[in-house]
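All remarks here apply to the structure that follows.
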Amino acid sequence: MAEVEIVRRAGPSPKFVTGSLLRHILAMTAAGALGLMAVFIGDLANIYFLSRIGDQAVVAAVGYASSILFFSTSIGIGLSIAATSLVAPALGAGRRVRARRLSANAHVLAFVFSAIASLALWFAIVPLLRLLGATGRTLDLASFYLEILLPTLPMLSLGITSSAVLRSVGDARRAMNVTLSGAVVNTILDLFFIVHLGFGIEGAALSSVLARAVMMGVGLFGVIRVHDLMGRPKISTLKQDVLPYSGIAAPAVLTNIAPAVGNAYITYAIAPHGDAAVAAWAIIGRIIPVAFGAIYALSGVVGPILGQNFGARSHTRMRDAYTLSLLTMAAFTGIAWLLLAVLADPLATLFHATGEVRQLIVFFCRWLSPLFVFLGAVFITNAVFNTLGRPRVSTLLNWGRATLGTVPFVIWGGKFYGAEGVLAGNMIGGVAFGLIAIWAGYRLIARVGETMRL
């Protein structure tokens, strides 16, 4: 009886400490990629339908607005990381009452912090767009688009936080459905509002608002009704949880907004080259996550696999997991490059791109896309540092890439080679930081191994 009780309390053995690491990596990546790819394809469809209007100012306006929306979305993702870091350990320890409390407070704090961020960004819309280089009609269109979408950041944050809580409880399917439902609704409504009713950028904004509302609804339904993981928020417990939550959320948000800042700088640097260049950058910005969506998903897989083997004190499997993740990422990049190189001209035609817009899209697909392998190395190594308790190193690495690995290269490239130089400078600047990330990742794992042997 004693043995039975011990086994029952221990529960099933951790999934990733035995078996083929490559199989675990590929299986988990495939599941995560589906939900992410749906979101990215929805964004791509948004630009596609708008490009059919034949107005470069509209596409350029979305390009400018996307830099600010990328920033706001990064805030929501950073807040969701804090939810996972608090709720998952409580569930793992069997403290369900505590998990329900933390889930409720995480949702409340995500709403409050994102509402503050949304309000601050809303009042700064025009200055930020002008800083990025938007002028005239393009500025007006981008302002209109953001004035509608930015107030919905709290809805998006609640949806992302709910998805994080669902992943924490192990419900990968419903977590995926949060983003999948939003993407499907966004694409269908884009087709209806933009193509059928001819609403243009107004239709794109309206479909995104409704899609975010659906994401929030699906996420909260899963957390509250399916898993009963939402306690009643109380001021007393909220005060207790705000510091631990903020302690995780602050570095996570800083890490996640670094790429958004780098992306905004590229928009700023390419703006002097005209609306055609900005429109091309907007389209490329939608192609990148679709082509490399598996790598984004892979970066979210490394943490759980590495973490379980860290807990099992299996240094060899930790190192092997990191190595296999890097090799898998390189393979995904090679496949994406091959597809982009072959489909460069059809992609440009799909978006009705002509002249400079077409030239820039083809240039990126054929010559710059393979350099994404170094950015992928940074993503994967971020997960290593976060899992092994070094989140500040991830923040430093990301900000280094977004500043030292972006600004000087983009300035130099734009000065001598125009818009193509801006795009090339951004990708070339990431090479050094990708190599630094790989070196730092192996060094940290080696140090952890030395600690384990003591």
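Brief remarks follow.
- Filter result (over 18 Å from Cys365 (Cβ atoms) and surrounded by 24 or more Cβ atoms within 10 Å (Cβ to Cβ)) within the stretch 405-430: Gly405, Thr406, Val410, Gly429
- If the condition is being over 14 Å from Leu444 (Cβ atoms), among the hydrophobic types (A, V, I, L, M, F, W, C) and crowded, with 20+ Cβ neighbours inside 10 Å, then the stretch 306-323 contributes no residue at all.
- Looking only at the stretch 182-209, residues that are of a type in the set (S, T, N, Q) and either surrounded by fewer than 16 Cβ atoms within 10 Å (Cβ to Cβ) or over 15 Å from Ala45 (Cα atoms) (or both) come to 0 in all.
- Qualifying residue in the stretch 335-353 (condition: under 26 Å from Thr403 (Cβ atoms) and buried (at least 20 other Cβ atoms within 10 Å of the Cβ)): no
- Residue in the stretch 221-230 that is among the β-branched types (Val, Ile, Thr), assigned to a helix (DSSP H, G or I), in contact with a Ser or Thr (Cβ under 8 Å, 6 or more places away or on another chain) and closer than 24 Å to Ala183 by Cβ present: yes
- Counting only helices (runs of 4 or more DSSP H) wholly contained in the stretch 346-425, the ones carrying 3 or more residues that are in contact (Cβ under 8 Å) with a residue 12 or more places away in the chain and touching a Gly at 6+ places or on another chain (Cβ under 8 Å) occupy 372-387.
- Checked against the criterion of being of a type in the set (S, T, N, Q), in contact (Cβ under 8 Å) with a residue 40 or more places away in the chain and farther than 24 Å from Ser80 by Cα, the candidates Thr255, Thr328 yield just one match: Thr328.
Computed from the coordinates by the stated procedures, all read-outs in this text should not be read as laboratory data. Keep in mind that what you see is a predicted model, and the values were worked out from it rather than measured. We place every Cβ from the backbone using ideal geometry, glycine too, and count neighbours over all the protein chains shown.
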